[in-house]
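Engineer: Okay, here's the structure, questions in a sec.
The values are calculated or read from the model by the stated rules, or taken from the named source; none is laboratory data. Source: prediction; values computed, not measured. Here the Cβ positions follow ideal geometry from the backbone for every residue, glycine too, while neighbour counts run over all protein chains shown.
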Amino acid sequence: MINAKSRDIIFTSSGTEADNMAITGVVLKNMNRGKHIITSRIEHHAVENPCKIWERDGFKVTWLPVDKYGLININELEKAISEETILISIMFANNEIGTIEPIKQIGAIAHEHGIIFHTDAVQAFGKVPIDVEGMNIDLLSASAHKIYGPKGIGLLYMRNKGLNNYGEKYISPIMWGGGHEKEMRPSTVAVPLISGFAKATELCQEEMKGESKRQIQLRDKIINNILKNIDDSILNGHPTQRLPNNINISFKYVDGESIVLDLDLDGIEVSTGSACSSKSLDPSHVLLAIGLRKQDAQGSMRATIGRFTTESEVDYFLEKLPLVIDRLRKLSPLKRE
Ligand code: PLP
């Protein structure tokens, strides 16, 4: 699926653990060489928070800004690199706005400078082609539940079993115990979950090409219909360089939470901002990073298409959504300027 050798894969309990291992594992092994990490402002909390922990403990972290589509700037990345840089961690595709980052270019720059490159591919894995060789990726995180596999199992790809050109480890474990998973991740191996992950990957790989084409058609049908038929709606994320299944729109003068509740009454499930942080009422850090005002970020809705979403379900959604937005705007205390 990612053009990796099986010896370079270790299994973790989740995408979150794989992200933590990539960041903290590289820091623990390389802190004598330098104390600088480059990442972006739109990372998932599973990358953002371990970087913040190291920043608290004296590391310098460059939080690269993104443009209005959520793309990092390659020149700014290159400018941020210093003698102290030990890790670049940029996500493959964003979980909220679906934007796909220029991973191949990032990998090329990282390798030119001899810096380890990690990408959080939890959202991209199984949805878009990934080639760890062609894209110069050293470390990659993925998670089974995003491709209909079991919850509680993820993986970390480590180029050359975690060894550099001199045969030395460039990443350390972050847990210590038995010698499982090439002494990189102790604990009894979760065979049933790994088998489920493998089967889901196999099915996903068989269907990815046709399925992503089908999802792109449905995605664009939804986006175009909303932008045309609902006033004051703004697409968040890149119009084409985005995940096949992701739609993220801000509706002015409404609250995202009310959209979620109203659509739920019609049997339609969407989320505000990021479902990963649905317990927080703060506006999404991703939407603020692409330049949305706080009130517009709060009126955002993320809808995702799945393998089992049909065209008639999309039509039903497109019939109900304008009615919901219209009703909420009539009730809304948020005034048009
Ligand atoms: N990274 C991204 C981009 C995600 O979207 C998610 C989960 O939604 C994660 C990491 C965390 O993965 P997991 O739920 O397997 O810990």
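Engineer: (1) of a type outside the set (Val, Ile, Thr); (2) in contact (Cβ under 8 Å) with a residue 24 or more places away in the chain; (3) within 14 Å of the ligand (Cβ to nearest atom): which one isn't true of Asn49, the others all being true?
Structural biologist: Checking Asn49 against (1) of a type outside the set (Val, Ile, Thr); (2) in contact (Cβ under 8 Å) with a residue 24 or more places away in the chain; (3) within 14 Å of the ligand (Cβ to nearest atom), the one that fails is (2).
Engineer: I need every pair where a residue in the stretch 114-129 that is touching a residue at least 40 places away in the same chain (Cβ under 8 Å) has its Cβ under 6 Å from the Cβ of a residue that is within 8 Å of the ligand (Cβ to nearest atom) and among the acidic types (Asp, Glu), sequence separation at least 6 or different chains.
Structural biologist: Hits for this filter: Asp120/Asp19.
Engineer: Taking the stretch 90-129 only, how many residues are among the β-branched types (Val, Ile, Thr) and more than 18 Å from Met21 (Cα to Cα)?
Structural biologist: Qualifying residue count, the stretch 90-129: 7.
Engineer: Let me ask something else about it. Yes or no: Lys127 within 15 Å of the ligand (Cβ to nearest atom), in a loop (DSSP other than H, G, I, E, B), modelled with pLDDT of 95 or more and surrounded by fewer than 16 Cβ atoms within 10 Å (Cβ to Cβ)?
Structural biologist: The answer is no for Lys127.
Engineer: Next question. If we keep just the residues of the stretch 35-92 that are within 21 Å of Arg293 (Cα to Cα), hydrophobic (A, V, I, L, M, F, W, C) and touching a helix residue (DSSP H, G or I) at 6+ places or on another chain (Cβ under 9 Å), which is surrounded by the most Cβ atoms within 10 Å (Cβ to Cβ)?
Structural biologist: The selected residue is Ile42.
Engineer: So, in the stretch 103-124, exactly how many residues are crowded, with 24+ Cβ neighbours inside 10 Å and either out of contact with any strand residue (DSSP E or B) (no Cβ under 9 Å at 6 or more places or on another chain) or part of a loop (DSSP other than H, G, I, E, B) (or both)?
Structural biologist: Count: 4.
Engineer: Taking the criterion of being modelled with pLDDT under 95, on the phi < 0 side of the Ramachandran plot and not small (Gly, Ala, Ser), would at least one residue in the stretch 209-224 satisfy it?
Structural biologist: Yes: one or more hits.
Engineer: Buried (at least 16 other Cβ atoms within 10 Å of the Cβ) and either of a type in the set (Phe, Trp, Tyr) or in a helix (DSSP H, G or I) (or both), is that true of Leu227?
Structural biologist: For Leu227, the condition - buried (at least 16 other Cβ atoms within 10 Å of the Cβ) and either of a type in the set (Phe, Trp, Tyr) or in a helix (DSSP H, G or I) (or both) - is not met.
Engineer: Right, next: Any chance the stretch 211-219 includes a residue that's within 16 Å of the ligand (Cβ to nearest atom) and closer than 22 Å to Glu101 by Cα?
Structural biologist: Within the stretch 211-219, the subset within 16 Å of the ligand (Cβ to nearest atom) is none.
Scanning the stretch 211-219, I find no residue that is within 16 Å of the ligand (Cβ to nearest atom) and closer than 22 Å to Glu101 by Cα, so the answer is no.
Engineer: Please go through (1) more than 16 Å from the ligand (Cβ to nearest atom); (2) more than 26 Å from Gly107 (Cβ to Cβ) for Met175 and return the number of the only condition it doesn't satisfy.
Structural biologist: So Met175 meets the others, but not (1).
Engineer: Which of the residues that make up the stretch 1-26 are of a type in the set (A, V, I, L, M), part of a loop (DSSP other than H, G, I, E, B) and buried (at least 19 other Cβ atoms within 10 Å of the Cβ)?
Structural biologist: We begin by selecting, within the stretch 1-26, every residue of a type in the set (A, V, I, L, M); these are 1-2, 4, 9-10, 18, 21-23, 26.
Now drop any that are not part of a loop (DSSP other than H, G, I, E, B), which leaves 1-2, 4.
Selection gives Ile2 alone.
Yes/no matrix, rows are residues, columns are (1) more than 20 Å from Ile171 (Cα to Cα); (2) part of a loop (DSSP other than H, G, I, E, B):
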position	(1), (2)
Pro50	no, no
Ile53	no, no
Gly58	no, yes
Trp63	yes, no
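Engineer: List pairs: first residue in the stretch 270-287 and farther than 16 Å from Ile305 by Cα and part of a loop (DSSP other than H, G, I, E, B), second residue hydrophobic (A, V, I, L, M, F, W, C) and at pLDDT 75 or above anywhere in the structure, Cβ distance under 6 angstrom, at least six positions apart or on different chains.
Structural biologist: Pro283/Ala297; Ser284/Ala297
Engineer: So, one more: Restricting to the stretch 65-96, name every residue that is part of a strand (DSSP E or B) and among the polar types (S, T, N, Q).
Structural biologist: The first filter runs over the stretch 65-96 and keeps only residues part of a strand (DSSP E or B), leaving 66, 72, 85-89, 93.
If the condition is that a residue be part of a strand (DSSP E or B) and among the polar types (S, T, N, Q), then Thr85, Ser89 are the ones that fit.
Engineer: May I pose another question? Is it true that Gly15 is of a type outside the set (Val, Ile, Thr), over 17 Å from Val286 (Cα atoms), out of contact with any Pro (no Cβ under 6 Å at 6 or more places or on another chain) and more than 16 Å from the ligand (Cβ to nearest atom)? So that I can check it myself, show each step before the final result.
Structural biologist: Values: of a type outside the set (Val, Ile, Thr): yes; over 17 Å from Val286 (Cα atoms): yes; out of contact with any Pro (no Cβ under 6 Å at 6 or more places or on another chain): yes; more than 16 Å from the ligand (Cβ to nearest atom): no.
Here the answer is no, as Gly15 does not meet what is asked.
Engineer: Which of the following residues is modelled with pLDDT of 95 or more, within 16 Å of the ligand (Cβ to nearest atom) and farther than 17 Å from Thr304 by Cβ: Ile115, Ile97, Ile86, Ile137?
Structural biologist: Checking each option against the conditions leaves just Ile137.
Engineer: The conditions are (1) part of a loop (DSSP other than H, G, I, E, B); (2) surrounded by fewer than 19 Cβ atoms within 10 Å (Cβ to Cβ); (3) within 16 Å of the ligand (Cβ to nearest atom), and His145 fails exactly one of them. Which is it?
Structural biologist: Evaluating His145 over (1) part of a loop (DSSP other than H, G, I, E, B); (2) surrounded by fewer than 19 Cβ atoms within 10 Å (Cβ to Cβ); (3) within 16 Å of the ligand (Cβ to nearest atom) leaves (1) as the failure.
Engineer: Among Met175, Met135, which is the only one that is closer than 19 Å to Met1 by Cβ and either of a type outside the set (Gly, Ala, Ser) or not in a helix (DSSP H, G or I) (or both)?
Structural biologist: One residue alone meets the criteria, Met135.
Engineer: Let me ask another. Go through (1) farther than 30 Å from Ala200 by Cα; (2) within 16 Å of the ligand (Cβ to nearest atom); (3) out of contact with any Lys or Arg (no Cβ under 8 Å at 6 or more places or on another chain) one by one and return the number of the condition Val66 breaks.
Structural biologist: Exception for Val66: condition (3).
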